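None of the figures in this text is laboratory data; all of them are computed from the coordinates on show. Keep in mind the model is a prediction, meaning the values are calculated, not measured. With ideal geometry, Cβ positions are generated from the backbone for all residues, glycine too; neighbour counts draw on all protein chains shown.
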Amino acid sequence: MNEIIFLVENAVEGGYTARALGESIFTEGDDLEELRSNIRDAVDCHFEEGSKPKLIRMHFVSEEVIAA
């Protein structure tokens, strides 16, 4: 596996959540620096040495609601 993609969203209670596509990995962080660190830790825990992806891609998903 060359890369893993995380969908990053704003959490309702503040901060961010991140969910990996195709893997059972979910983490969160109060700010982007903490989220990046938590994603790296989660990937390290999930994959065995030698099978870890070389890249971690963070895809930011945002939603905006406006009055009609």
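Rounded to the nearest 5, the antiparallel percentage of DSSP beta bridges internal to the chain is 60%. Around the amide H of Ile25, modelled in the peptide plane, lie the amide H atoms of Ala20, all under 5 Å away and 5 or more residues distant in sequence or on another chain.
Qualifying GluC sites (Glu not before Pro) in the stretch 1-44, where qualification requires a DSSP coil assignment and no more than 14 other C-beta atoms within 10 Å, comprise Glu13. Taking trypsin sites (Lys or Arg not before Pro) across the chain, the ones in a DSSP loop with at most 13 further Cβ atoms lying within 10 angstrom of their Cβ are Lys54. Pair-distance distribution of the stretch 3-60: all C-alpha pairs, bin width 10 Å, starting at 0; shares per bin in whole percent are 25, 58, 16, 1.
For Glu3, the shell of other residues with beta-carbons less than 11 Å away shows a net charge of +3, using +1 for Lys and Arg and -1 for Asp and Glu. In the stretch 3-60, Cα pairs under 8 Å separated by at least six residues give a relative contact order of 40 percent. Rounded to the nearest Hz, the phi-derived 3J(HN,Hα) couplings of the stretch 37-51 under the Karplus curve 6.51 cos²θ - 1.76 cosθ + 1.60 (θ = phi - 60°) are 5, 5, 5, 4, 4, 5, 5, 4, 6, 7, 9, 7, 4, x, 10, where x marks glycine and proline. Taking 0.36 nm per residue of separation and subtracting the Cα-Cα distance, full extension of the segment from Glu48 to Asp30 would add 3.8 nm. A straight chain from Arg57 to Ser37 at 0.36 nm per residue would run longer than the Cα-Cα distance by 5.9 nm.
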